[in-house]
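Report on one structure; see the data block that follows.
The values are calculated or read from the model by the stated rules, or taken from the named source; none is laboratory data. For clarity, every value in this text was computed on a predicted model and none was experimentally measured. Backbone-built Cβ (ideal geometry, glycine too); neighbour counts: all protein chains shown. Accessible surface areas use protein heavy atoms only, side chains included; no ligands, DNA or RNA. Shrake-Rupley method; radii C 1.70, N 1.55, O 1.52, S 1.80 Å.
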Amino acid sequence: MQRLKAGDSAASAPTAQTIRFRLRLAGWVLLTAHLVLVGWLTLRPLDVPWAAAANLTPLEGIKADLAYGPLGGARRIGEGLALLAPLGVLLPLVGGRLAPSPLAAWSSLARTAAAAVLFSVSIEMLQSAIPGRVVDVDSVLLSTAGVVLAHVTFVPALRSRIRRSQGPTPRITRVGLGPWTEVLSAVPREY
């Protein structure tokens, strides 16, 4: 067994780029597993004697869910919110867009919400061809809201944790207007 010297421990520590690669790889694995699970839950045929009519009126299904009582309605609405909620964290992680700037945070939220709408609409369209499944516009609304809630809840904390793990921001000494400014100003110009 080889002993490490005092200077060797820093060299063996993973770099920020290695950490980002590992996070993205873990994100891809988790995203794939989650999408397989969602596909299995939502796209398998149901053996039911009848199926409800398609719901194309926004919030009509949520009103019907609330008619089951507070506990039953909360469970059914919670299931709709939780189905695609992990995408709110996994999509920014996979995209590697955990930049700390406020503009990047808002654009990350917008991209994640748009991807959630696309995933949810795709699932609903695929369900229209599966026996026992019907289209429900409220599923799209609840799934998208769940993704946005997960993103707003967890991604800022993840960003700050990654920033702290990278250590302090390196400082650069002040530089004048340019290193060659004096030299170039002495050169005669022809206009």
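Does region 86-101 contain at least one residue that is open to solvent by 60 Å² or more (accessible area, probe 1.4 Å), in contact with a Lys or Arg (Cβ under 9 Å, 6 or more places away or on another chain) and under 21 Å from His34 (Cα atoms)? Within region 86-101, one or more residues are open to solvent by 60 Å² or more (accessible area, probe 1.4 Å), in contact with a Lys or Arg (Cβ under 9 Å, 6 or more places away or on another chain) and under 21 Å from His34 (Cα atoms).
The listed residues are Ser128, Ser120, and the only one of them that is surrounded by 12 or more Cβ atoms within 10 Å (Cβ to Cβ), among the hydroxyl-bearing types (Ser, Thr, Tyr) and either out of contact with any His (no Cβ under 9 Å at 6 or more places or on another chain) or more than 28 Å from Arg164 (Cα to Cα) (or both) turns out to be Ser120.
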